[in-house]
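One structure is given here, and the rest of the page talks about it.
The values are calculated or read from the model by the stated rules, or taken from the named source; none is laboratory data. Remember, predicted model here, so these are calculated numbers, not experimental data. FYI the Cβ positions are ideal-geometry reconstructions off the backbone, even for glycines, and counts take in every protein chain you see.
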Amino acid sequence: MKRRRNIVMSIISSMLGLLVFHTGFFLFIVRSYGISGPVISRFLLSTVIIHLSLLVFLLFMRRKFYIIPSSHRLVHVNIANLLTMYRLTATPTILFLLILNQRYPLVGILLIFTSAAFLTDLLDGLISRKTGQTTMIGQYLDSMADYAVLTVVSIAFVYYGLISNWFFTLVLARLLTQFASQGFLLLYQGHVRPIASPLGKASIFVTMTLYALAILSLFEQARSFSLVITRVFELGAAGVIIASIVEKGFILHGEIQRARRRKMFARRAQQAEAPPNAGQ
């Protein structure tokens, strides 16, 4: 009971700390550049909703805070999970910085903040493996953070012309493939096992790298060079994303086959345990 209470308090304090950080950072930028207007209240509302939603989800999933494969339960949120939570909660800040950059010279801050958020995608996995702190909740959070950030940033980037329309369509297809496959498995077998496939992680990495390069086009001095590099990199990233979509199809097929075998074995076990008919 004490261990469970500790993880609950750790989740609450971690989310409160992230809320204070993102709010304080944004308000500092707003004050430094003399920004005013409804954009501030809209940011505050958005970031509070994101943090509150994640808090409710984590409290509901608190029993998933255990190390794989030992099943040792955590008493506090570890560093790897905190980095993933940071990436997920950074989404409103990235979006509003991108919006404000149209009127204020925030490109340097936007580049640093966005790159730092993308970098946590590498750091959280590296730290969890090096410290032996890979957790079940971390697998759920990592996937959520990756796709939440990519969805929001992709919409903003295509709106402001930082990426091509065809590449945005491809990214959207990858995201829909992920959500559709997870939803189908949830309906088919009643649960979803988070799987971090090599090409899936690679597609996230190349897309985040592309978006970091695209931000460079906001610098007047680097615009022409960045546009050329971005368009070339889009082609390479597209190849990785298409390969990851194909891989996702094979993974889905494998999961369905395993679910069928489990159902078949369960039926056989029930038949073997069933009592003989009274007339026999």
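Laid out as a table, the results:
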{"read-out": "Qualifying residue in the range 10-21 (condition: over 15 Å from residue 77 (Cβ atoms) and not in a helix (DSSP H, G or I))", "value": "no"}
{"read-out": "Condition met for residue 161 (at positive phi and surrounded by fewer than 22 Cβ atoms within 10 Å (Cβ to Cβ))", "value": "yes"}
{"read-out": "Given (1) modelled with pLDDT of 90 or more; (2) loosely packed, with under 15 Cβ neighbours inside 10 Å, number of the condition residue 113 does not satisfy", "value": "(2)"}
{"read-out": "Scan of the range 135-157 for residues that are at pLDDT below 90 and among the β-branched types (Val, Ile, Thr), ordered by number", "value": "149, 151, 152, 153, 155"}
{"read-out": "Near pairs, Cβ below 7 angstrom, 6+ apart or cross-chain, from the range 112-123 (within 10 Å of residue 90 (Cα to Cα)) to any residue that is at pLDDT 90 or above and not aromatic (Phe, Trp, Tyr)", "value": "113/93; 113/94; 113/97; 114/94; 117/87; 117/90; 117/94"}
{"read-out": "Condition broken by residue 138, with the remaining ones in (1) under 24 Å from residue 9 (Cα atoms); (2) of a type outside the set (S, T, N, Q); (3) in contact with a Phe, Trp or Tyr (Cβ under 8 Å, 6 or more places away or on another chain) satisfied", "value": "(3)"}
{"read-out": "Residues satisfying the stated conditions in the range 13-56, i.e. closer than 17 Å to residue 145 by Cα and surrounded by 15 or more Cβ atoms within 10 Å (Cβ to Cβ)", "value": "14, 15, 18, 19, 22, 46, 47, 50, 51, 54, 55"}
